[in-house]
1. Which numbered condition in (1) within 15 Å of the ligand (Cβ to nearest atom); (2) surrounded by fewer than 16 Cβ atoms within 10 Å (Cβ to Cβ); (3) assigned to a loop (DSSP other than H, G, I, E, B) is the only one that ASP83 fails?
2. Does ILE481 meet the test of being closer than 30 Å to ILE607 by Cα, out of contact with any Gly (no Cβ under 9 Å at 6 or more places or on another chain) and among the aliphatic types (A, V, I, L, M)?
3. Run ILE135 past the list (1) near the ligand (Cβ under 8 Å from one of its atoms); (2) touching a Gly at 6+ places or on another chain (Cβ under 9 Å); (3) of a type in the set (A, V, I, L, M, F, W, C) and report the number of the one that doesn't hold.
4. Would you check which residues across segment 274-291 are in contact with a helix residue (DSSP H, G or I) (Cβ under 8 Å, 6 or more places away or on another chain) and more than 16 Å from the ligand (Cβ to nearest atom) and list them?
5. Please report, ordered by residue number, the helices (runs of 4 or more DSSP H) entirely within segment 610-682 with at least 2 residues that are free of Cβ contacts under 8 Å to residues at least 24 places away in the same chain and in the same structural domain as SER512 (by TED's automatic domain parsing).
6. Can you give me the number of residues within segment 138-157 that are surrounded by fewer than 24 Cβ atoms within 10 Å (Cβ to Cβ) and either within 12 Å of the ligand (Cβ to nearest atom) or assigned to a loop (DSSP other than H, G, I, E, B) (or both)?
7. Can you name the condition, by its number, that ASP64 falls short on among (1) open to solvent by 20 Å² or more (accessible area, probe 1.4 Å); (2) more than 21 Å from PHE275 (Cβ to Cβ); (3) within 16 Å of the ligand (Cβ to nearest atom); (4) touching a residue at least 24 places away in the same chain (Cβ under 8 Å)?
8. Those residues that are closer than 18 Å to GLY523 by Cβ and either among the aliphatic types (A, V, I, L, M) or loosely packed, with under 15 Cβ neighbours inside 10 Å (or both), I need them from segment 574-602; list them, please.
Amino acid sequence: MATHIREERREGVAVVVVDNPPVNALSREVLEELAAAVERAADDGSITAIVLTGAGRNFIAGADISMFPRLAAGEMPPVPFQDYMNRIEQSPKPVIAAIGGAALGGGLETAMACHYRIAAAGAQLGQPEVKLGLIPGAGGTQRLPRLIGMEKAMEMCAFGEAVAAQAAAELGLVDKVVAGDVVEAAVEFARSAPPVRRTRDLREKLCDAASAESLAEIFRQSARRRMPHQKAPEAAVEAVAAAARGSFEDGLAAEARLFEACLKGEQSRALIHVFFAERATAKIPGLKAAGAPKEIRRAAVAGAGTMGSGIAMCFANAGIDVWLSDASREALERGLAGIRKQYEAAVRKGKMSGEEAERRMERIRAAEGMEGVAEADVVVEAVFEDPEVKRVVFRLIDAAAPQGALLATNTSTLDIDGIAAATKRPESVLGLHFFSPAPVMRLVEVVRGRATSDEAMAAALELAKRLKKIPVAAGNCFGFIGNRMFLPYRTQAVAIAEQGGEPDRIDAALTSWGWAMGPLAVGDLIGHDVWLMIRQEALRRGAGHIPVSAFEDELPRLGRLGQKNGFGWYRYDENRRGHPDGELIRVLREYAAARGFEQREWTVEQIRERTLLALVNEGARILDEGMALRAADIDVVFVHGFGFPGWRGGPMHWAEAAGKAKLLDRLEALYDEEGPFWKPAAWWRS
Ligand code: 3H9
């Protein structure tokens, strides 16, 4: 008895509905039931055609991702994905896919195994498997080029971006786009007795093997640039190229071989871990909020600097009216002008229509003082990072904001309780730590103070969802999760430089490992005046294992602020490209000599070991102290906020995968040799 498939009959047309909430993912059972339902309908003499669709908002969001780790580990028998698709395609009666919402991965592969595709205007079609470290494994790499040609198929499979219905129709992926009821339209089309047309039989859009190889080489190179270190994009290119080399069956065999290699690899395990970790962060066990979280209709942002302006844009982008204020009229004008410039740039790049940019701009209103706060459901403070200034602003916010409003600070280092104490309602106060640039970065740390209520936490999580952000709950410790861990990681990079390491080699050891930027270059990006403040605040708040002084503290005193004035660890040219700087090395070595620091050679492995162990051990302390709910939350923070490679799964996942016991041995050795900084946290033995 089928449990995931519904079947309806509409005067000679069978409508087969995949009904597997929340997104109709294809498990082995669903696939079996689906193929069987199509075969049953085909055998039924009263049926002339079959419409295949998904229940709810989406067609099919792909294979059930949760089965891949078990398949990779051999904990479940292999699933013959390609065979299920072949069974659908073999139907002697026409099968029409009626696509609403997402047809992704195995969902698009199912649609391509159908003989025709009719899509709703809002549908999205794509092969996003590479984002999970995989390639399409249910015939997608062979059917897609037959429908849309080799080049576009390579692009879609190698980079994983979906296309909208209209664009899909222009490519030949979809036969018709309809504005109304897509199932109704598909049934009507089915009644016109369309001939069976199997994608596998099409060859006109395939090129010869030599041209396919030239195309493949272009895509391999661009994959190395766009998704460096990742194996799946090149495997996807290879699988699509195989379509031009032999029969459909040969192509399927090549796809299966390449899929299997990706499935068994560490990268897919890591990326699948991140996929589920991202969706788990907002689930906070035991959160007891009475009723539904308060709806956010209007917002106010205090402080029109880079962060405040960016946060105001986040609200406007989500359709929420927002008042933006600043103590200085000039700063406010500058903030608004900056916002306008960003929207104009988005229009110029074709990312947004002029009307849409105008609508968003209109949602952002300039406020005098606390004007707007009285009507706001949420107020975000983003003023200068100074505890006294913040307390003054919070007193004003407290006096003006309606009861029940969420009061948030965007501080990245300060004590939330100290700020909350400036108000008469600390239960409504929490941290919403956005990352820069706020409209782009999806991570938001939601920082819970001592008095923060469950209701406020629930409202903040709901707000993050509205803003299309990924909220990660963090405790009120110095630097919360991200900055707290980044500090010892960078401290080690600086210490290596002090002990003879070349800055560019230190950075290269980590970018070649997968980080988006090296730790010293990040210092130059943020600015050394800012780092000095962060370090001083860390020391004030008792991050005792951080050395009290470091060469980096000298940089602002030497007038080396980083990229902003062209000098930091590197010397920057007019294109903001950094170059090794002999003068920097000279003062660095002088600094070390004056303190008697031993100078030595550093191997790439030693640089990686120290920096990464410092990072993970701080994450481990955070877990010991309960400042993060789960190791996976920390992984999300680093992948989304700090350029840690997603294909390594985040720092805690990486440590687990590399072997905690082995890393703990190294940490203990460093602890024995060098003392407290390296003291292993209890997590390593958990
Ligand atoms: C594949 O298909 C391989 C093939 O080639 C064939 C095999 C060889 N599986 O994102 P949301 C869950 S690989 C399992 O918050 P939205 C998700 O965890 C697959 N679960 O919703 C969440 O659960 P919970 C290729 C899935 O509306 C809930 O659904 N496909 C899957 O913001 C809601 O998800 C993809 O990579 C899945 N496939 O976005 C598509 N998808 O509520 C992945 C979702 O317990 N999915 N869940 O936390 C997406 O991109 C988005 O979920 C989608 C909806 C756009 C569909």
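1. (3)
2. Spelling it out, it is not the case that ILE481 is closer than 30 Å to ILE607 by Cα, out of contact with any Gly (no Cβ under 9 Å at 6 or more places or on another chain) and among the aliphatic types (A, V, I, L, M).
3. (2)
4. Result: LYS288, ALA289, ALA290.
5. Qualifying helices (runs of 4 or more DSSP H): 660-674.
6. The total comes to 1.
7. The one condition ASP64 does not meet is (2).
8. ARG576, ARG577, HIS579, PRO580, GLU583, LEU584, ILE585, VAL587, LEU588, ALA592
The values are calculated or read from the model by the stated rules, or taken from the named source; none is laboratory data. Small disclaimer: the values here were computed from a predicted structure and weren't measured. Please note: Cβ atoms are built from the backbone with ideal geometry, for glycine as well, and neighbour counts cover all protein chains shown. These area figures cover heavy atoms from the full protein model, side chains too; ligands, DNA and RNA do not enter into them. Shrake-Rupley method; radii C 1.70, N 1.55, O 1.52, S 1.80 Å.
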